[in-house]
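The values are calculated or read from the model by the stated rules, or taken from the named source; none is laboratory data. Remember, predicted model here, so these are calculated numbers, not experimental data. Every residue, glycine among them, receives a Cβ derived from its backbone with ideal geometry; neighbour counts consider all protein chains shown.
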Amino acid sequence: MYGLSWKWAIAQFQRAQGHVLRWITGCFKSAPIGAMETLAGLFPIRVNIDRYMEKSSLRVRTLHESHANRRKSKFSRPTPATYIDRIGRLSSEEFPPLHPMAEPGKRLVDRFADRLAEHFLTPNSHPPKASTEFKRWSQETWSPLFHKGRPRGMHAALECIPDDCTHLVLCADNAGALSKIPNCEMGPNQLVSILAAASVIRFLEKSDRRHVILLWALSHKDVAPNEFVDDLAKAALEEEQPDFVSQARGVVDTLVRAKRKWAKLYSEVP
């Protein structure tokens, strides 16, 4: 920043700030170095430039990859998101929070409460995962047969339900997602819950003998490849991680660093 091509610009800023400081403080050119800035409470030009450069860098890091400022950079690498943003458009589709499926009286839990069953979804239905009893409970309760189930296979199974099927078991390792299917409560995944509830309602409406069971199951427990990955993730968390701060905290830190540079700059003046 302070190369030969910038010296003239910095000198112009310093002269302009000198006029401002003399007008504010009433001092003369013979005042000690740094006295007018300290009296007026203004950062020196070089310290202020560093401060605004850091603030600009923080701001750029919050921009999307396809933002104009990022596209102008010759160091930015093309990504699929950048390409899609150029040829696509943003979706302006709105989803009403109070969907008809989520209205009281029309929800799955209101219409078919007697034909719904939940297993291991309530807080006290199984030991906490962090407890020592959880491992023993999982070994006594579950006998995993496969661990490569695909959503495509689940979708095909739902589309090919035979007419004589009376019990449908929805099994997943996300207890929160399963518990939202009966009431379709508001949240970031409400649309997914509504679509799932609609499929369950179509299944139940075909016969009074049909029932649905919501079953929470373990995902990584007692599956050797998955447990190996979990151990690697836990080991990575034990390593020293970089400090993550918010945008507001980063801006405050730039001000703190500027004050330290200011104090160091004038402490070195003889």
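Scanning the stretch 5-15 finds no residues that are under 19 Å from Ala263 (Cα atoms), modelled with pLDDT of 80 or more and in a loop (DSSP other than H, G, I, E, B). Among the residues making up the stretch 166-176, a single one is in a helix (DSSP H, G or I) and of a type outside the set (A, V, I, L, M, F, W, C): Gly176. Residues that are touching a strand residue (DSSP E or B) at 6+ places or on another chain (Cβ under 8 Å), at pLDDT 85 or above and assigned to a loop (DSSP other than H, G, I, E, B) within the stretch 96-146 comprise just one, Phe112. For the stretch 164-176, a residue qualifies if it is touching a Lys or Arg at 6+ places or on another chain (Cβ under 8 Å) and crowded, with 17+ Cβ neighbours inside 10 Å, and exactly one does: Leu168.
For the stretch 177-198, the set of residues classified as part of a helix (DSSP H, G or I), surrounded by fewer than 17 Cβ atoms within 10 Å (Cβ to Cβ) and in contact (Cβ under 8 Å) with a residue 24 or more places away in the chain consists of Ser179, Leu191, Ala198, listed by residue number. Select from the stretch 208-227 the residues that are more than 30 Å from Asn183 (Cβ to Cβ) and surrounded by 11 or more Cβ atoms within 10 Å (Cβ to Cβ) and write down the one among them that is modelled with the highest pLDDT. Here the residue is Glu227.
Which count do you get for residues in the stretch 21-62 that are within 26 Å of Val252 (Cα to Cα) and in a helix (DSSP H, G or I)? The qualifying residues number 24.
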